[in-house]
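Beneath this line is the structure, given in structure tokens, with notes to follow.
The values are calculated or read from the model by the stated rules, or taken from the named source; none is laboratory data. Source: prediction; values computed, not measured. Here the Cβ is made from the backbone with ideal geometry for all residues, glycine too, and neighbour counts use every protein chain on show. Calculation scope for accessible area: heavy atoms of the full protein, side chains included, ligands and nucleic acids excluded. Shrake-Rupley method; radii C 1.70, N 1.55, O 1.52, S 1.80 Å.
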Amino acid sequence: MAKVKQVGLLAAGCQPWNKDVCAASGDRFAYCATLAIYIYQLDQQYNEYKLRSIMSEHKKTITAISWCSDNPDLFASASADNLLIVWNVAEQKAVARLDNTKGVPTSVSWCWNSADGVAFVSQRGPLYIWVYAGRDSGLTVHKEAHSFLSDICLFRWHPTKRGKLVFGHTDGSMSIFQPDSQVGVLRVWNVSRSTPLDSFKLKKTGFHALHVLNSPLNKKAPSFSSNSKSQHTSSTSEAVPPPTLSQNRSFSLPPGHAVCCFMDGGVGLYDMGAKKWDFLRDLGHVETIFDCKFKPDDPNLLATASFDGTIKIWDTNTLTAVNTSPGNEGVVYSLSWAPGDLNCIAGATSRNGAFIWDVRKEKIITRFNEHGKNGIFCISWSHKDSKRIATCSGDGFCIIRTIDGKILHKYKHPAAVFGCDWSQNNKDMIATGCEDKNVRVYYLATSSDQPLKVFTGHLAKVFHVRWSPLREGILCSGSDDGTVRIWDYTQDACINVLIGHTAPVRGLMWNTEVPYLLISGSWDYTIRVWDTRDGTCLDTTYDHGADVYGLTCHQSRPFTMASCSRDSTVRLWSLTPLISSLLLNILTDQPWEKIIGNTDTAMVPGSPPLLCGKVSRDIKQELDKLSLDIRAKRLRWFFECFSPPGGSSNLWDLVSVINGQDDSLLPASYSKGVMHMKHLLKFKTSEAQELTIVKMCKFGGGIGAPSKEERLKEAADIHLRLGQIQRYCELMVELGQWEKALSVAPGVSMKYWKKLMQRRVDQLMAEDNDDAIPYCIATGDTKKLVTFFTGRGQLLEALLIAQGACEGNIRAPQTDVLPSHPVTFDIFLSSLLHKVCQELAEWYFQDGCSVLAACCHLAVDNIKLAMCSLIRGNELELAACVGIVLGEAANQSTEYCLELLARKYMTTPTWYLSADLLQMIPDNCILLAKLCAYYPGSAAEINQLHERCGLPSLEECKALAEEAVCEGDLFSAVQFHLLSSEPENALRIGIDHIKEQLSGSDWTVDSVQPILDLMSYIRTDRLVMVKLTEARSELLILCGYIGGLLAIRRQYSSIVPALYEYTSQLLKRREVCVPLKIEQLSVELDAWRASTQTNSNPPSESALVLCGADYVTGSNLPSHSDVQLSCFTGQRIQGPLFLLEDGKSAISHNDALMWAKVNPFSPLGTGVRINPF
């Protein structure tokens, strides 16, 4: 199982190079970056669009894409290397390829009414038609469509008239839907008219591409219950308004959705009828991202530099862009933040020198042109001396200058210099990587321009160099020879060569806490994690779809890494699984020497990881000052440091609130996340008040800074959702939206509504506007209305009003009526709040954010469900910590969590840590017995573990087993046999008992599962012995069958069919004698399927910890490497996978977790236990 976990993805934007780059069909839409196609699909449950897949087989720029109108699963794409691919979107695989399109296709479109024919055209024609399947397959030329006078940028077939098509040319001719390319105004034209039907000002940046859907997307409609009684109407019945025609249903507009792509890479799906975005993703890099760096004073802000000429800043908590550099700088190869909180970024470009961007002022404040027009490949701002910036270039120079441009040193190299890095321990030392295959170290405190050291050994050019932050004098270099070399400056030698990459190495990153951890990224599309003590590759990730360039982490969050690539994405990773034993040492309250150490101790080969960096030392220092609540603080501070962004700080804030912490101690960031229900009103009101004041964010206006009107509207919406109707009304009045204010004003009081109506009347009458009349009549203000009419000389109207009032037709409305049962109403509101929080939690959970789901439950004090979310998300270490800090209210969940964690660490070399975890559970005798039964050591080692766990020795266990048999204590007999030197005896007794139980009619899952689970802990080396073949087969069958029943109980729907199929196959293939029949299993499975279609009973409160499907972080993130098929379903696995023991078969990590919780044995039927935790 992977040790590096993907936890976040910043998708690419839509490329601006070609025109035919967005498409849509049914409930999906697509756009393409330079090298990959992004497919979004509507999630029917939540009515939102989610990224479903990234398809990337093109090696050159994608030039056009098209969806098949007859088959929504078929999709075509073309690229600059004359390649045309037909994809099956559902299966995410290419089904046909045309390798020579006789020119670069500029537009692609499926042939009219044909799922097998794709047409494409390049420049001035001709139009080619490729039939890729069937008897008539081949490439033909359209008889008439050729020799055009102007280059073609788009073409489309007429949707109803066969054979008719339209071409759009680069000179603007023959375009029916023509977006204005300078300002983002979408115009919808009726070709029988010369003016637009409607215009939508959508965005400040210009349009780049547009695709209009032929029919509205089939979004889930809200369900309304209608009264079945026949309706009679009379003159006094309430008027029933006719159904509102949305504009896309009326005559003015074509069917209503448009996929919009903008010049800044933004992508959106716009509903023209409702005049709103169904999906909008602002910004996004559209080309290779060469570099990424975290802001020194903020671990949540990440800057990226790209081939597209921009630097963008991202919030890693929300995965959204918060700023972009002004203008276009050509190609930006490298970036470096200024130290501390200076809020400046230095950038290096391919032809325009280097620059400093002041993020707060939103402008470029300095430019450096010492390298002329030569490309600058690396820029590095010294973090020991904030006045110095280094650049290295294709001109062979590494230049050190001050920030005001004064050159301090020019170090001449024999060839291009690609990388440089300041020493973390000596402010005057810098290393460079050169095209001549050498690494050089320079010392700035001397006037010499010669290097202090030259390291030779690489067989091709050296690209990046990185000094170790923890080991003085140690640096690494990555080369085009595919290796990473570790150099010791003090020994003048190469001390290790890391071999594994199959292409040039680009990204390099040392971990800032564990001195031996080094991560590298390569043109072979992989990221590798190395143990530099012995050169072992600890893990390899394949999720990027192209060359990996930049790797970075933040010192205060050292186990969260960001990577960037030629695939135009940024991905976030958790490295925490690499140091899992450290987490356990903190969790089990081990002494400091097992958590924090010095680099010499940590660098001993094979020793467990130790923290040696500044953050861990700072935490220890702060803890040493405390006298109260030390354990809770220790757990929180370390786990905040270990956890990736995405809610862990929010979670700990809520835990503190539940534990009674003073509100004044809550951080400023708390109000930006999920808040406890008792704070929601206070903080949101405050936020709304802030929005009514003109106030910019810390970076100034930011991207598309909201106007005053937008801020007031946002504030009004917050007030409305908080039930602060009067404030909402007043803000609506300020915005001139009187109708909205007046429509909800009665919710405040009839008195307020009347007063507001009178204000509106006064305003309209001052403008001499007839709209004042209905308002006066509604409020019964006869006198004012009569005065209004007489003042205008409309005496007849004044007379009519006076008459109506005399007859009682115009009168003031009645006052408010209070609810009769306020207490009952409060209970109703409370249950409604819990329901909404639960729905929001499930939305987060299904989005792969189990930590935020837990926050939603904690917000309403639902500790059980919060723990359940963390356990189902496999955040076991975090769940255990939170449970320990929350105390008694979380005990049941915490114990289950510790049990799962103990199973996770039942492996070499963490057996003793597993025992420590189980000893934290009060009633742990059976759990410790299972651990010792499964332990595979020698007799002496087993006895040692028995002693540690308070259990009898092997020989004593044998005697106790025989004693239990005599006394008829079956469970104890099985337990002690397992703990003895002959554990196979336990199988004979236990299996016979279960078979006897199943032969009767009064057994339950709960009566047989405990013994079955106990027997499953027999040591694997014993279970797989030939003499136990029959017993093993029977044990696997019984575990499979009972596992299937448990899966039904726990609502693990995705694995129920697999468990029944597994049990059936074992029954079919193995000679066994168990009271189960294949036909019986088939009937049970059919009955379960029928019941799931008609019934969805929620789990009982007591079973909540165990119920509901697992969904780990990253399950929703598509990678470019989704090539494994599940051996359960035969379909591609999205998200993390779990490889079975044969090294080939795979299932999703989620399915593996659920399987292991109900049946510990591998789905391959080998008798090996699986450990996906």
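Which FRET efficiency, nearest 0.05, do K1144 and N769 yield, Cβ-Cβ r, R0 60 Å?
Values: r = 78 Å, r/R0 = 1.30.
Computed FRET efficiency for K1144 and N769: 0.15.
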Net charge dipole size for segment 538-595 [Lys, Arg +1 and Asp, Glu -1 on Cβ; Debye, nearest 20]: 120
Mind ranking 18-30, 377-389 by how tightly packed they are, going by the mean number of other C-beta atoms within 10 angstrom, highest first? 18-30, 377-389
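So how much slack lies between K620 and T824, counting 0.36 nm per residue of separation and subtracting their Cα-Cα distance, in nm?
That works out to 68.3 nm of additional length.
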Peptide ranges 90-101, 407-418 listed from the most packed, as the mean C-beta count within 10 angstrom indicates: 407-418, 90-101
Report, in debye and to the nearest 20, how large the dipole of the chain comes out about its Cα centre when Lys and Arg carry +1 and Asp and Glu carry -1 on their Cβ. 3340
Among A416, T402, A431, whose Cα lies farthest out toward the positive end of the dipole of segment 368-438, if unit charges sit on the beta carbon of Lys, Arg (+1) and Asp, Glu (-1)? T402
So how long is each side of the chain along the principal axes, counting just the alpha-carbon atoms, biggest first, in Å? 114, 86, 79
Kyte-Doolittle cut-off 0.5, length cut-off 27 Å along the helix's own axis using Cα: show which whole DSSP H helices in the chain pass. 1029-1049
Using the structure shown, select from K387/K412; K293/K625; K406/K427; K672/K755; K293/K361; K684/K740 the pairs with a Cα to Cα distance greater than 25 angstrom. K293/K625; K672/K755
In nm, spacing of pseudo-spin labels at K412 and W277 (7 Å Cα→C-beta vector): 5.4
Taking H as built 1.01 Å from N, whose amide H comes closer than 5 Å to the amide H of G937, not counting residues under 5 places away? none
Of the options V21, T320, Y728, report the single residue whose Cα projects farthest towards the positive end of the charge dipole of the chain (beta-carbon charges: Lys, Arg +1; Asp, Glu -1). V21
Cβ-derived FRET efficiency at R0 56 Å, I499 paired with A939, nearest 0.05: 0.85
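Stokes-Einstein diffusion coefficient for segment 401-552 at 4 °C in a medium of 1.567 mPa s, Rh from the Kirkwood formula over Cα pairs: what value in µm²/s?
Answer, rounded: 83 µm²/s.
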Given R₀ = 25 Å, FRET efficiency for T1166-E956 by Cβ-Cβ distance, to 0.05? 0.20
Taking H as built 1.01 Å from N, whose amide H comes closer than 5 Å to the amide H of H554, not counting residues under 5 places away? T560
If each part is reduced to its alpha-carbon centroid, segment 1-50 and segment 938-1006 end up apart, in Å, by 54
Cα-projected label distance for L970 with S627, points at 7 Å along beta-carbon direction, nm: 5.9
Order 862-872, 499-509 from most to least packed using the mean count of other Cβ atoms within 10 Å. 862-872, 499-509
Apportionment of accessible area to carbon and sulfur, segment 279-321, percent (1.4 Å): 54
What number do you get for segment 1-81 when its Cα radius of gyration is normalised by 2.2 N^0.38 Å, N = residues? 1.20
Simple Cβ-charge dipole of segment 595-667, Lys/Arg +1 and Asp/Glu -1, about Cα centre, in debye nearest 20: 220
Which value in Å is the Kirkwood Rh of segment 1011-1062 over different Cα pairs? 11.9
Contour excess over end-to-end distance, with Cα ends at R988 and Q555 and 0.36 nm allotted per residue: 150.3 nm
What does the accessible area per residue of segment 414-562 come to in Å², with a 1.4 Å probe and no ligands, DNA or RNA counted? 31
Cα coordinate range in segment 858-921, projected on the principal axes (Å, largest first): 41, 22, 13
